[in-house]
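For reference, the structure is listed below as structure tokens.
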Amino acid sequence: MNEQNGDEAPVLVRTRRGVGHLTLHRPRAINALDLDMIRRLSLALDRWEHDGDIDAVLLDGAGDRGFCAGGDVRALYDMVVEGRVDEVHAFFREEYALDHRIATYPKPVVAIADGITMGGGIGLAGHARIRLVTERSRLAMPETRIGFTPDVGGSWLLSRAPGRLGEYLALTGGTMDAADALYAGFADHLVPAAHLPALSEALQNRADPSTPTELVLLFDETPEPSRLQAARPWIDDAFAADDVRGILGRLRDRPEPEARETADLLEASAPLAVAVTLEAVRRARALPSLRAALAQEYGLVLWFATSQPDLREGIRAQLVDKDRSPSWTPRRHEDVSPDLVDEAFAFVPAPPLWG
């Protein structure tokens, strides 16, 4: 049964044979997430939590290109430029509440991160109880490329990746394929895209085995070796340095071409965003929960959105004017003072995230 107003709704909500099925439905925008979609998803989860006829939730995206390209950053740009601070607060508060709700939902949430899954898409799929990728999956937290920092619980996931992969993925915005996502802890199972319709049908026709996890295992395949795992020696060495300048120095000293290419990428990234993100991932390792990591991220994103020029400049360069030539403030990594990074973490947002 389709519970929304026709097939043009940005989120399709259906129920069938004990499964609540949520489909992000903005395929032309690779299902970029806006506040209306967040509220529709939250409302469906509210309704199904105490519905005895719903045993599990299936979360996927419409179209061939991806599950979710992230939050609607162009809409965020308009909010920031026009000074609509209350709307900025509302977007992040409600998005993070939804991410945490998925993580703690009492019924199994099966998320299919097929195709492009970035930023806000990681927030939806990365915290589900059962997280699936396909051979088409491309996962990333690319926020530093627009002068921002990984959020939606991304710092929590990144901080728990093996070795120093968290720092590497956070600072570079590097893309993971299915094998990488499984190795880094962003996914649980690889299911070939061709098998997704059969998996959906199996979830609805539960027989034996009956639990969602058991059913997923019927379609699970072993991935190819992870390229990130193979790169651990130079990644772990370089990204263990104390600060960004130290990381750059170690990357330049490594013999691997990939290490030097990574140094070039970092040199072009927003210096302030890179420095704050490095500290965020390392602080997240000591935090007790996803809830605490989301609270840390909330303060950081509002600090960037309300007091720093880089977020606006990064979105402008990438998505508005598309000149790919951002002018960062500060311009160089060596110009980012420790006091400025401390200021980011000392920022107290109002209203608070959990209030």
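The values are calculated or read from the model by the stated rules, or taken from the named source; none is laboratory data. Keep in mind that this is a model prediction, so the values were computed, not measured. Heads up, the Cβs are rebuilt from the backbone with ideal geometry, glycines too, and the neighbour counts pull from every protein chain shown. The protein model used for the area step is the full one, side chains on, heavy atoms only, and it has no ligands, DNA or RNA in it. Shrake-Rupley method; radii C 1.70, N 1.55, O 1.52, S 1.80 Å.
Could you tell me the calculated FRET efficiency between ARG28 and ASP253, based on Cβ-Cβ distance and R0 = 41 angstrom, to the nearest 0.05? List each step's numbers first, then the result.
Values: r = 45 Å, r/R0 = 1.10.
Computed FRET efficiency for ARG28 and ASP253 comes out at 0.35.
Full-extension gain between ARG260 and ALA193, please, as 0.36 nm times their residue separation minus the C-alpha to C-alpha distance.
Net length gain for the segment: 20.7 nm.
Accessible area per residue, 1.4 Å probe, Å², for the chain: what's the number?
Numbers: 14700 Å² over 355 residues.
Heavy-atom accessible area per residue stands at 41 Å².
Across segment 223-355, how large is the tail of the calculated P(r) beyond 24 Å, expressed as a percent of all Cα pairs? Intermediate values should be presented prior to the final figure.
Values: 3627 of 8778 pairs.
The calculated P(r) of segment 223-355 puts 41 percent of pairs beyond 24 Å.
Which whole-number percent is the relative contact order of the chain (Cα, under 8 Å, 6+ apart)?
About 15 percent, as a whole number.
Going by Cα centres, segment 286-349 and segment 177-201 are how many Å apart?
32
Could you give the size of the charge dipole of segment 169-265 about its Cα centre, using +1 on the Cβ of each K and R and -1 on the Cβ of each D and E, expressed in debye and rounded to the nearest 20?
Values: 8 positive and 18 negative charges, 55 e Å.
The calculated dipole for segment 169-265 is roughly 260 debye.
Taking a quarter of the surface of the convex hull around the Cα atoms of segment 244-300, what do you get in nm²?
4.6
Rounded to the nearest 0.05, what FRET efficiency do THR175 and ARG324 have when you use their Cβ-Cβ distance and R0 = 22 Å?
Rounded to the nearest 0.05, the efficiency is 0.80.
If I ignore ligands, DNA and RNA and count only protein heavy atoms, how much of MET79 is accessible to a 1.4 Å probe, in Å² to the nearest 10?
20
Let a ≥ b ≥ c be the square roots of the eigenvalues of the Cα gyration tensor of segment 28-154; is it rounded (a/c under 1.5), or, if not, prolate (a/b larger than b/c) or oblate?
It comes out oblate by the Cα gyration axes.
Using the basic label-point model (7 angstrom from Cα toward the beta carbon), what is the LEU218 to ARG291 distance in nanometres?
Output for this residue pair reads 3.6 nm.
At R0 = 22 Å, how high is the FRET efficiency between ALA268 and ALA240 if r is their beta carbon distance? Nearest 0.05 is fine.
0.50
Using +1 at the Cβ of each Lys and Arg and -1 at the Cβ of each Asp and Glu in segment 50-156, identify which of TYR105, MET79, PRO142 lies farthest towards the dipole's positive end.
Value computed over the given set: PRO142.
For a quick check: with amide H placed at 1.01 Å from N, whose amide H comes under 5 Å from LEU33's, ignoring anything fewer than 5 positions away on the same chain?
Under 5 Å from the amide H of LEU33: GLY70, GLY71, ASP72.
Are there any trypsin sites (Lys or Arg not before Pro) in segment 61-119 that are in a DSSP loop and have at most 15 other Cβ atoms within 10 Å? List them by number.
Here the sparse-neighbourhood loop sites are ARG84.
Where the centre of each part is set by its Cα atoms, how far does segment 101-122 sit from segment 150-168, in angstrom?
Each part's Cα centre sits 16 Å from the other's.
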